[in-house]
Every structure is written in C-alpha cells, then in structure tokens.
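Comments concern the structure below.
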Amino acid sequence: MSLYVESELNRFTELRRRLIDDYPDLDDEALFDTLEGATNLKEAVGELIRSALSDEALEAGLKLRIDEMKERLARFQATAQSKRTFALQVMEETGLEKLVEPDFTVSVRAGPCSLVVVDEQQIPEDYWRPQPPRLDRKAALDAIARGQQVPGATLSNARVVLSVRRK
C-alpha cells in the first residue's frame, strides 16, 4: 500500500508498546495524545484516503470515457453493418455477383441455413439444455432482514467498514 503509512504504523505500534510497558498506569486518553504528538500516523492515513479519493475520481472518469467509447463503437458497428446490408441489396437488385477491387473482393453467395422454430412444444427433450438453478442472494438477504427464516442461510456479523464523507 503505502510505505509511509506502514512506517508510521510501525512507529506508532512500537511507541505504544514501549509507553504501555514503561507507564502501565497511563490512561487511554493520555496514551493516544502522546502517540498522536509523537507520530504522523493520522496525517499518513489522511494522505492515503486523499490518494484513494483521487483514484476513485479517476476511476469514475475512466468509466464514463469507456461508456462513451462503447457507444461510439456501437455506432461504428451499426454504420458498417448498414453499409454492408445496402451493398448486398444493390448487388442483388443489379445482379452483380462479384466485385474485384485492388484492396478487396466482394461476392454474393448463399449463406448457411438457420433454424426456424415453428412450435417449441413439439421439439424433443434431447434438444433442450437444462439450466442449473441459481441462488437469488438478494431475495434471501431481504427475507432474512424482514425476519423470515431461510433454511441454510443466515446473516453474517457486521464488518467494520471505512466511511469517507466529502465536505
């Protein structure tokens, strides 16, 4: 992560251990006031959080840019397909079966046959793929949160989380 934070954490931990060993009757408030004055741990953690916030801002910007580029890619794909479809239509209408150009050759030919399903009910079981059931985790979590019993599932203990509010 951050060598600076790790270094300050080690200094804080070692100094805390020494203070507790040397002054066993030292109250928690005095201990933490002394540690705060003797180390830069709070500042180091603050810098780490600022760096994380900066990374998150870059992540958000990059996601937006990726979404924009995906939209642009989809437009290029649609335009290319539209042009190919129109070229096929022109070649079929005019009877032009082959066009040889210096950089490409295009020809009209019969494509492969595709499946047309007339009545799904009549198709034998051999042609169906069974789908394994999947756990709906959200539904199970919501049910337990409402006080319902869900056999085989329970809630975990709450985890300690880091909350960062921006001013």
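Values in this text are rule-based calculations from the coordinates and carry no lab data. Note that this is a predicted model, so its numbers are computed, not measured. Cβ sites come from the backbone with ideal geometry, for glycine too, and all protein chains shown count toward neighbours.
Let me check against my output: what whole-number percent is the relative contact order of the chain, with C-alpha pairs under 8 Å and at least 6 apart?
11 percent.
With unit charges on the beta carbon (Lys/Arg positive, Asp/Glu negative), name the residue among Ile144, Leu73, Pro124 whose Cα is farthest towards the positive pole of the charge dipole of segment 34-149.
About the Cα centre, the residue reaching furthest to the positive side is Ile144.
Could you order peptides 129-141, 28-40, 63-75 by the average number of other Cβ atoms within 10 Å of their residues, highest first?
Peptide ranking by packing, descending: 28-40, 63-75, 129-141.
Rounded, prolate or oblate for the chain? Axes are the square roots of the Cα gyration tensor eigenvalues, ordered a ≥ b ≥ c, and the cut-off for rounded is a/c under 1.5.
Oblate, since a/c reaches 1.5 and b/c is not below a/b.
I need the calculated FRET efficiency for the pair Thr154 and Arg134, taking r as the beta carbon distance and R₀ as 22 Å, to the nearest 0.05.
For Thr154 and Arg134, the calculated efficiency is 0.65.
If we count every other residue with Cβ under 13 angstrom of Phe32's Cβ, Lys/Arg +1 and Asp/Glu -1, where does the sum land?
-3
Evaluate the Kirkwood expression for the hydrodynamic radius of segment 19-86, namely the inverse of the mean inverse distance over all pairs of different C-alpha atoms, and round to one decimal in Å.
About 17.1 Å, per the Kirkwood formula over Cα pairs.
What list of ³J(HN,Hα) values in whole Hz, one per residue of segment 12-19 in order, does the Karplus curve 6.51 cos²θ - 1.76 cosθ + 1.60 (θ = phi - 60°) give from phi, with Gly and Pro shown as x?
4, 5, 5, 5, 4, 4, 5, 4
When the Karplus curve 6.51 cos²θ - 1.76 cosθ + 1.60 is applied with θ = phi - 60°, which whole-Hz ³J(HN,Hα) does each residue of segment 77-87 get, with x for Gly and Pro?
4, 5, 5, 4, 5, 4, 5, 5, 4, 5, 4
Hey, quick one: spin label on Leu26, modelled 7 Å out along Cα-Cβ, who in segment 32-64 has an amide N within reach, i.e. under 14 Å?
Residues passing the 14 Å test: 32-39.
Could you state the number of Å between the C-alpha centres of segment 119-167 and segment 55-88?
What the calculation gives is 32 Å, centre to centre.
Rounding to the nearest 10 and keeping the result within 0 to 90°, find how far the Cα-based axis of helix 28-38 lies from the longest principal axis of the chain.
The angle comes out at about 70 degrees.
Enumerate the calculated ³J(HN,Hα) couplings along segment 147-162 in order (Karplus 6.51 cos²θ - 1.76 cosθ + 1.60, θ = phi - 60°), each rounded to whole Hz, writing x wherever the residue is Gly or Pro.
Couplings: x, 7, 8, 10, x, x, 9, 8, 8, 7, 6, 5, 8, 7, 10, 9 Hz.
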